[in-house]
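The next block holds one structure in the form of structure tokens; read it before the comments.
The values are calculated or read from the model by the stated rules, or taken from the named source; none is laboratory data. Note that this is a predicted model, so its numbers are computed, not measured. So basically every Cβ, Gly included, is an ideal-geometry build from the backbone, and we count neighbours across all protein chains shown.
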Amino acid sequence: MTEYAHTVDVAVIGGGPAGLAAAAAAAREGADVLLIDRNPQLGGILNQCIHDGFGLHAFGEVLTGPEFAHRYLHQALDAGVQLQSHTLVTHLSPDGALTCSRYGARETVHTKATVLAMGCRERTRGMIRIPGTRPAGVYTAGTAQWLTNMANIRIGRRVVILGSGDIGLIMARRLTWEGAEVVAVIEKLPYPSGLPRNINQCLLDYDIPLHLSHSVTCIHGKDRVERVTVSRFDEHGCTVPGSEFELACDTLLLSVGLIPENELSRHAGVALDRTTCGADVTDTYMTSVPGVFSCGNVLHIHDLADWAAEEGERAGVSAAQYVDGTTRPSDPASVAVRPGDGVRYVVPQRARQTAETVLLSLRVTAPRGPTTIRAVSGDAVVGELRLRKAHPATMEQVTIRLSDASGDVEVRCE
Amino acid sequence: MNRTTCKKDTADQTVDVAIIGAGVVGSSLAYALSKLRCSVAVIEKEHDVGTGASGRNSGVIHAGLNYAPDTLRARFCMRGRDLLMAWCDELNVPYTVCGKLIVASRMKEIDGLRRLQSMGEANGVPGMALIGPDQAAALQPGIHCVAALHVPSSGIVSPYAFTVAMAEEAAVNGVTFYLGWNAERIRPTDSDLAIDAPQGTIRARWVVNAAGIHAGRLAQTVDPSAPDLFPCVGEYLILDKQAGESLGMSVYPAPPVGGAGLGVHLTPTTEGNVLLGPSDEYVDDPEQTSCTGKTADRLLSEAQAMWPDLPANLVIGAYAGIRAKRTSPETGGFGDFLIRRTPNVDRIIHLIGIESPGLTAAPAIAEHVIQEILLACESWDPVPASERVRRPWPTRFDELPEEDKAQRVADDPDHGDIICRCEGVTKAEFLHALSNPLGVKTLTGIKYRCRATMGRCSGGYCLPRIVEILRDEGWAPEQFTLRGPASPSFVGTLIEEDHD
């Protein structure tokens, strides 16, 4: 059992794309960094994402998930980050003490700054309350992906996928390749939740039907899934009477959303945003608890790992600067940044008056044609992004100039 | 295949007592009988104990105010709560006497509270008080009512923990469990009694029918005039532990007149979640435990009437249980427990219609059957305490003080390996659950014993870890089942594996 340092400048919790990038960036800034991850192998969910499509933005290359993770792992190693895998942080106290548990040891790590990069978990059947029996054969798409790609397990033969999130789409193709029959993908919204490229490459290329404005309204089968009832939903979210049909299947996969995993943060007193379910942060990614930063999917759900890693880099730099005091990430963030018409959320939610430019990440509420996303402060337009079309499945980013701002900032679609 | 029995050889012998049904009543009886020098077999159609109504209820230790004083329900509830808590102490099963509020949302419901109070007083329920809305809100912040009956002696217990703990300790003390044996008929023979199942025949001198919802039908195989039972489903929602932080006691509505249940209530669990339910709907199929969307919406809106701050976004799961009601849908209300002897056959005892407060009453029913019936005919000596084998319910690692956790990890390094993040379950706890004396290897059985897959992520985090541990132990994918051989979790491997 190797020993790791129990007093460090910066601890990063979570070794997925955001955490690895944050740790590497903080170490490059000169901080003494410890990265703690609960899995035996670093890389987070990337390790089970054996499909390609990663790295286009970050490296200008098409990489698989493990390859993409490898790049950041090497960045972290090259920068001198101490890596502690197979260790779960069970408690974070506001003063920067982390309780860590691993095989044979339970210990405390003291830090000057902590970067939260724990990622997210999948929404479950229980949360969306799908009625019916409770048989074997109901899995979230990410768990199914692990069982398929990492454990060589065949989960079922005839599969219905509820939700058109990206993991569900990727799994539709993956299970087809493995000889399963993917009967249909069912999406409650009138538009897909996943990226357009995944609709094309994972469903259309394999003739897998996509039922928009439909949802699974009952699960049947006492012991193992036998079939599901599917119903159409109208624009008010109500079932259309008489629209029900049944699909025979032995497996139901759920790809119905991701939830930032903030139990650790919540217990440490970190204030959370009700929309993102992630921390409320400043432009330095610092949460309401001084010295605690947040990035990646634990902050808000990203569409691409590339963006999660980039956000991690920015948070890592901020954490290092917080420790060495060269800049003042701890200045009061008095400028509120709020979502306006057509915008579901904006991260960061607050900015320091002293920041010159701030990169905002946001999602629109519904699909739109040509759209201008405009950040407005008083009468001044402080940032603008013109899009041919906008889609909730895609995360958008816009840079604002705070020097032009006269108070709070609202970001809206026009 | 799961190991379905502890030792099959006794199937050829005549045991002193055969119990049909390993719910909380059957397990209570098995546990109490394991303290006497007699041979006991338990026959259960599912692949674990406590899978029916016993594991699918509110988990409330009832105070005893909902039953008329001259009923078996009142008598066994009052005696049962004392025994239940004593047995929980013996078995290390957690329980809390957290109290409950029965709230009137309209002035005209206050009379109902007064009726409950006087019935409770007649049954000997201590410390009840009719209080105003401010006092109620002081006891349980956020509660809306015009008045409430505070019942301080009401409590909570994990119903499956209690049932499993009793069955496991009975098993290590010689009681044989035939899991996956579906008793179809009780048949008197020339010399003894036989219980016929497709899996084999069990022979016994005494038979106790504790088959829950199936007890009426099973009784009729030997006693045609035994009454029918009417299945009445109760659906529940489970809320995240985050909701449990703000609910300190059970909150019940004033009892609905003529209802088949006690009304939709909120109950904290000993593990810190909140349960919300149950509905009450008569169904035809005694195994119909599916949930409906309409009912879930109704549960939420009825609970929100009492607790407007109810965090509906914190629902993490749902379940349903079947009440074994003696009253038909037309009659409504409640019937009393029935302890029935079969005419002309001395040694068959049917326990029929053990619905609410069956969990609380179960130890007292077991005590009654043993003291009043069995020991009137038999002279079984008690087993000295020094000879008894212990299988205490494990104290959860996650609930230990920090200094004890470090000590546990030092004693067993597997306590450092936390396999279930939501519930803080360690690998050592998982392995302890897996090595249970009933031989239960289903994922649901392991879940009930250590809570892995029971938390807010429903196994998203721990299922991969469980699969890794069990694959390392040599399990094939086909061996993973949810509740037994009929509910396989997986269908095989993708590419053939080397088995050298």
Residues (outside any strand (DSSP E or B) and touching a residue at least 60 places away in the same chain (Cβ under 8 Å)) located in the range A:273-289 = A:ASP273, A:THR275, A:THR276, A:GLY278, A:ASP280, A:VAL281, A:THR282, A:ASP283, A:THR284, A:TYR285, A:THR287, A:VAL289
Within the range A:136-172, restricting to residues that are farther than 22 Å from A:LYS222 by Cβ and touching a Cys at 6+ places or on another chain (Cβ under 7 Å), the one that is farthest from the other protein chains (Cβ to nearest Cβ) is A:LEU169
Could you please find all residues in the range A:69-111 being farther than 17 Å from A:VAL298 by Cβ, within 13 Å of chain B (Cβ to nearest Cβ) and of a type in the set (A, V, I, L, M)?
-> A:ALA97, A:ALA105
Hey, A:ALA333 touching a Lys or Arg at 6+ places or on another chain (Cβ under 9 Å), at pLDDT below 95 and in a loop (DSSP other than H, G, I, E, B) or not | yes
Selected residue [under 23 Å from B:ARG205 (Cβ atoms) and in contact with a helix residue (DSSP H, G or I) (Cβ under 6 Å, 6 or more places away or on another chain)] from B:ALA376, B:ALA366, B:ALA428, B:ALA433 = B:ALA366
Of everything in the range B:484-500 that's more than 7 Å from chain A (Cβ to nearest Cβ) and under 31 Å from the mean Cα position of the chain (by Cα), which residue is surrounded by the fewest Cβ atoms within 10 Å (Cβ to Cβ)?
-> B:PRO485
So B:CYS291 fits all but one of (1) modelled with pLDDT of 95 or more; (2) of a type outside the set (Asp, Glu); (3) in contact with a Phe, Trp or Tyr (Cβ under 8 Å, 6 or more places away or on another chain); what number is the exception?
-> (1)
Is it the case that some residue within the range B:319-327 is more than 23 Å from B:PHE230 (Cα to Cα), within 14 Å of chain A (Cβ to nearest Cβ) and buried (at least 20 other Cβ atoms within 10 Å of the Cβ)?
-> no
The condition of being crowded, with 19+ Cβ neighbours inside 10 Å, within 14 Å of chain A (Cβ to nearest Cβ) and closer than 30 Å to B:CYS422 by Cβ holds, among B:LEU247, B:LEU276, only for B:LEU276
Does at least one position in the range A:20-35 carry a residue that is on the phi > 0 side of the Ramachandran plot and more than 18 Å from the chain's Cα centre (by Cα)?
-> yes
Output the number of residues of the range B:299-318 satisfying the condition of being within 12 Å of another protein chain (Cβ to nearest Cβ) and either touching a residue at least 12 places away in the same chain (Cβ under 8 Å) or crowded, with 22+ Cβ neighbours inside 10 Å (or both).
-> 9
Determine which member of the set A:ALA319, A:ALA393 is assigned by TED's automatic domain parsing to the domain that holds A:ASP280, closer than 26 Å to A:GLY16 by Cβ and touching a residue at least 24 places away in the same chain (Cβ under 8 Å).
-> A:ALA319
Determine whether A:ALA58 is touching an Asp or Glu at 6+ places or on another chain (Cβ under 6 Å), small (Gly, Ala, Ser) and assigned to a helix (DSSP H, G or I).
-> yes
Report yes if some residue within the range B:460-467 is over 28 Å from the mean Cα position of the chain (by Cα), of a type in the set (A, V, I, L, M, F, W, C) and modelled with pLDDT of 95 or more; otherwise report no.
-> no
Residue among A:THR354, A:THR326 that alone is without any contact (Cβ under 8 Å) to a residue 12 or more places away in the chain and surrounded by fewer than 22 Cβ atoms within 10 Å (Cβ to Cβ) = A:THR326
For A:GLU235, work out the one condition from (1) away from chain B (no Cβ under 12 Å); (2) at pLDDT 95 or above it doesn't fulfil.
-> (2)
Within the range B:347-387, how many residues are surrounded by 14 or more Cβ atoms within 10 Å (Cβ to Cβ) and either assigned to a helix (DSSP H, G or I) or among the acidic types (Asp, Glu) (or both)?
-> 17
Scan the range B:1-44 residue by residue and report those that are touching a helix residue (DSSP H, G or I) at 6+ places or on another chain (Cβ under 6 Å) and modelled with pLDDT under 95.
-> B:CYS6
Can you name the condition, by its number, that B:ALA406 falls short on among (1) more than 26 Å from A:LEU254 (Cα to Cα); (2) buried (at least 21 other Cβ atoms within 10 Å of the Cβ); (3) facing chain A (nearest Cβ under 7 Å); (4) not aromatic (Phe, Trp, Tyr)?
-> (2)
Would you call A:CYS120 more than 23 Å from the chain's Cα centre (by Cα), under 18 Å from A:GLY44 (Cβ atoms) and buried (at least 21 other Cβ atoms within 10 Å of the Cβ)?
-> no
Mind telling me which of the residues A:THR114, A:THR124, A:THR133 ends up being more than 9 Å from chain B (Cβ to nearest Cβ) and in contact (Cβ under 8 Å) with a residue 60 or more places away in the chain?
-> A:THR114
Quick check, is B:GLU169 surrounded by fewer than 19 Cβ atoms within 10 Å (Cβ to Cβ) and within 25 Å of the chain's Cα centre (by Cα)?
-> no
Of the listed residues (B:GLU387, B:GLU378), the one being farther than 22 Å from B:SER158 by Cβ and out of contact with any strand residue (DSSP E or B) (no Cβ under 9 Å at 6 or more places or on another chain) is B:GLU387
Specify the residue that is surrounded by the most Cβ atoms within 10 Å (Cβ to Cβ); the eligible residues are those in the range B:388-403 that are within 14 Å of chain A (Cβ to nearest Cβ) and within 25 Å of B:GLN242 (Cβ to Cβ).
-> B:PHE397
So B:PRO94 clears everything in (1) touching a residue at least 60 places away in the same chain (Cβ under 8 Å); (2) buried (at least 20 other Cβ atoms within 10 Å of the Cβ); (3) out of contact with any strand residue (DSSP E or B) (no Cβ under 6 Å at 6 or more places or on another chain) except one condition, right? Which one?
-> (2)
Go through the range B:178-293 and tell me which strands (runs of 3 or more DSSP E), entirely inside it, have 2 or more residues that are among the polar types (S, T, N, Q).
-> B:200-209
